[in-house]
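The structure appears right after this line, and notes come after that.
What follows is calculated from the coordinates using simple rules that are stated; it is not laboratory data. Here the structure is a predicted model, which is why all the values come from computation and not from measurement. Note: ideal-geometry Cβ built from the backbone for every residue, glycine included; neighbour counts use all protein chains shown.
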Amino acid sequence: MAYVYRHIRLDKNEPFYIGIGRDCKGNYTRANHGAELRRNSIIWKRIVAKTEYSVEILVDELTWEDACEKEREFIKIYGRINNSTGVLANMTDGGEGNNGLVITPEMRYKYGNAHRGKKQSESSNLKRSMALKGIKKSPEVIVKIIEANKKRFAHLPPKIKKESSRFKKGHVPSEHARKVASEFHKGKKWNLGFKHSEQSCLNMKNASKTRKSVIQYTLNREFISEYGSQREAAQKLGLKKEAIGRACKGIRGYKNNIYKGFIWRYKN
């Protein structure tokens with residue numbers, strides 16, 4: 001069976017906490033327990049630090065549901081300190097759950113730091129995904145999401161807004177991602193129709209002429225194929241072009257010009 005109790009501060013002779021407990025042995029353990037059970041109630045600790053208190057059992061031999069209901073009634077009668085409605089140190093409206101819980105900015109900062117940087121496991125992400133699958137958002141929620149996104153992108157110029165529409169539908173960049181992109185593009189000039197100078201074109205043309213052809217051999221030095229460049233060989237065979245170049249040069253780690261079971265050479 002369950003019961004409802006209250007703590008009374010002796011300096012003012014007034015109740016300052018309402019609680020419920022379940023005790024089959026009649027010892028009312030929870031009612032007489034101290035700060036360990038109320039470790040999150042800062043107001044309760046402050047009051048107990050100033051004065052002694054007594055315990056009073058208000059209602060006994062209740063079902064758990066009735067005890068929750070009675071707790072809510074008593075808290076509503078006396079009111080709470082944290083929402084400026086009364087004298088109780090309770091942090092919620094009573095009963096099961098956190099209805100009426102007042103979360104201060106300090107609490108939000110503390111909770112945020114405790115979970116910041118932690119990554120959810122794949123199993124947790126999969127469970128959350130399966131639990132939310134098939135659930136449709138109500139029209140009210142959709143309107144709230146749209147309004148929130150409008151505020152988030154209100155500071156962007158029209159051109160950037162148009163470019164951002166190319167992203168996957170529903171994707172919203174984080175605040176950090178937007179700041180990084182902003183700093184990266186700050187001061188840049190975007191010139192549509194930009195053309196390379198004649199010297200740049202000539203440099204690129206000459207660079208293409210300096211590409212070295214690559215020849216592939218078996219370990220028995222039998223010819224397999226010839227490629228116009230390292231890039232061409234890498235693309236056709238699914239290999240790394242840098243590794244092919246190192247093998248052709250015979251540098252450390254690529255003894256005897258061998259890479260992936262083949263001998264590689266530049267064409268003389």
> To the nearest 20 debye, what is the magnitude of the charge dipole of segment 210-266 about its Cα centre, counting +1 on the Cβ of each Lys and Arg and -1 on the Cβ of each Asp and Glu?
Replying inline: 260 debye
> FRET efficiency for Ile145 and Glu73, Cβ-Cβ distance as r, R0 = 41 Å, nearest 0.05?
Replying inline: 0.65
>> Taking amide H atoms as placed 1.01 Å from N in the peptide plane, list the residues 5 or more away in sequence, or in a different chain, whose amide H sits under 5 Å from that of Thr85.
In response: Arg80
> Over all pairs of distinct alpha carbons, what does the Kirkwood formula give as the hydrodynamic radius of segment 1-112, in Å?
Replying inline: 14.5 Å
> Hey, what did segment 1-112 get for relative contact order, percent, Cα under 8 Å, at least 6 apart?
Replying inline: 28 percent
> Extension gain Asp60-Ala114, at 0.36 nm per residue separation less the Cα-Cα distance, in nm?
Replying inline: 15.5 nm
> Along segment 106-113, what does the Karplus equation 6.51 cos²θ - 1.76 cosθ + 1.60 (θ = phi - 60°) give for ³J(HN,Hα), rounded to whole Hz, x for Gly and Pro?
Replying inline: 5, 5, 4, 5, 5, 5, x, 5
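Percent of Cα-Cα pairs more than 17 Å apart in segment 210-266, please.
Working: 390 of 1596 pairs.
The proportion of pairs with Cα distances above 17 Å equals 24 percent.
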> Highest mean first, what order results for 109-121, 1-13, 57-69 on Cβ atoms within 10 Å?
Replying inline: 1-13, 57-69, 109-121
> Extension gain Asn256-Thr51, at 0.36 nm per residue separation less the Cα-Cα distance, in nm?
Replying inline: 65.2 nm
